[in-house]
Amino acid sequence: ATLPKAPVSQAASLPASTSAQAAAVVNLAEQQVGKGYGWGANGPDSFDCSSLVQYVYQQAAGINLPRTTYDQVKVGEDVPLDQLQPGDLLFWGSTTAPYHVAIYVGNNQYVNAATPEQGVILQIISSYYYPTCARRVLQ
């Protein structure tokens, strides 16, 4: 079942430049849904979780993020999980050694390269698989 696209209207409360960047990040992240899972070796055709984040931020916002989840969690500012904005990064695992990253797209949804079987998908934040922390890269 395909989930509905998340609106980016929540970004309207951000400063104009940040709002435009967030909308671009969300839009490009959503365009990757349906692509395969891989280690980034196939360019923009397959991603693991951190290469997806790295690709989207580079292409949509011109921001160069580190390649690994372990290093991406060190970028930006910590954000309480009840104050997420589109474009924020979600992490699972410990804050010092996360094992997964995704891009929050609004409406309690995120885009991530989930598993080799699932590839890049849009998911809803659930209590079953709740992020550990979030980081705001777009300022």
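Some notes on this structure:
- Taking the stretch 1-17 as the range and being at pLDDT 50 or above and in a helix (DSSP H, G or I) as the test, the residues that pass are SER13, ALA16, SER17.
- Looking only at residues of the stretch 110-139 that are out of contact with any strand residue (DSSP E or B) (no Cβ under 6 Å at 6 or more places or on another chain) and of a type in the set (Gly, Ala, Ser), we find that the one that is nearest to VAL56 (Cα to Cα) is SER126.
- Checking LEU138 against (1) farther than 16 Å from GLN54 by Cα; (2) touching a helix residue (DSSP H, G or I) at 6+ places or on another chain (Cβ under 7 Å); (3) among the hydrophobic types (A, V, I, L, M, F, W, C), the condition it does not meet: (1)
- Hits in the stretch 100-119 - residues which are under 11 Å from the mean Cα position of the chain (by Cα) and aliphatic (A, V, I, L, M): VAL101, ALA102, ILE103, VAL105, VAL111, ALA113
- Look at the stretch 25-38: where a residue is more than 22 Å from LEU138 (Cα to Cα) and a partner is in a loop (DSSP other than H, G, I, E, B) and among the acidic types (Asp, Glu), sitting 6+ places away or on another chain with Cβ atoms under 8 Å, you get TYR37/ASP48; TYR37/GLU117; GLY38/ASP48.
- The stretch 42-59, residues that are within 12 Å of the chain's Cα centre (by Cα) and closer than 17 Å to ALA22 by Cα: LEU52, VAL53, GLN54, TYR55, VAL56, TYR57
- Conditions (1) modelled with pLDDT of 95 or more; (2) surrounded by fewer than 18 Cβ atoms within 10 Å (Cβ to Cβ); (3) of a type in the set (A, V, I, L, M): number failed by ALA20: (1)
- One residue from ALA134, ALA114 being assigned to a strand (DSSP E or B), farther than 19 Å from GLY34 by Cβ and among the hydrophobic types (A, V, I, L, M, F, W, C): ALA134
- Unmet criterion (only one of (1) touching a strand residue (DSSP E or B) at 6+ places or on another chain (Cβ under 6 Å); (2) assigned to a loop (DSSP other than H, G, I, E, B)) for TRP92: (2)
- Long-range neighbours under 9 Å by Cβ, at least six apart or interchain, first residue closer than 16 Å to ARG135 by Cβ within the stretch 96-119, second surrounded by fewer than 18 Cβ atoms within 10 Å (Cβ to Cβ) and among the charged types (D, E, K, R): VAL105/LYS5
Here is a yes/no grid of residues against (1) within 17 Å of ALA29 (Cα to Cα); (2) in contact with a helix residue (DSSP H, G or I) (Cβ under 8 Å, 6 or more places away or on another chain); (3) surrounded by 21 or more Cβ atoms within 10 Å (Cβ to Cβ); (4) at pLDDT below 95:
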position	(1), (2), (3), (4)
ALA41	no, no, no, yes
GLN72	yes, yes, yes, no
ALA97	no, yes, no, yes
ALA102	yes, yes, yes, no
TYR129	no, no, no, yes
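The values are calculated or read from the model by the stated rules, or taken from the named source; none is laboratory data. Since the structure is predicted, the reported quantities are computational estimates derived from the model, not experimental observations. Cβ sites come from the backbone with ideal geometry, for glycine too, and all protein chains shown count toward neighbours.
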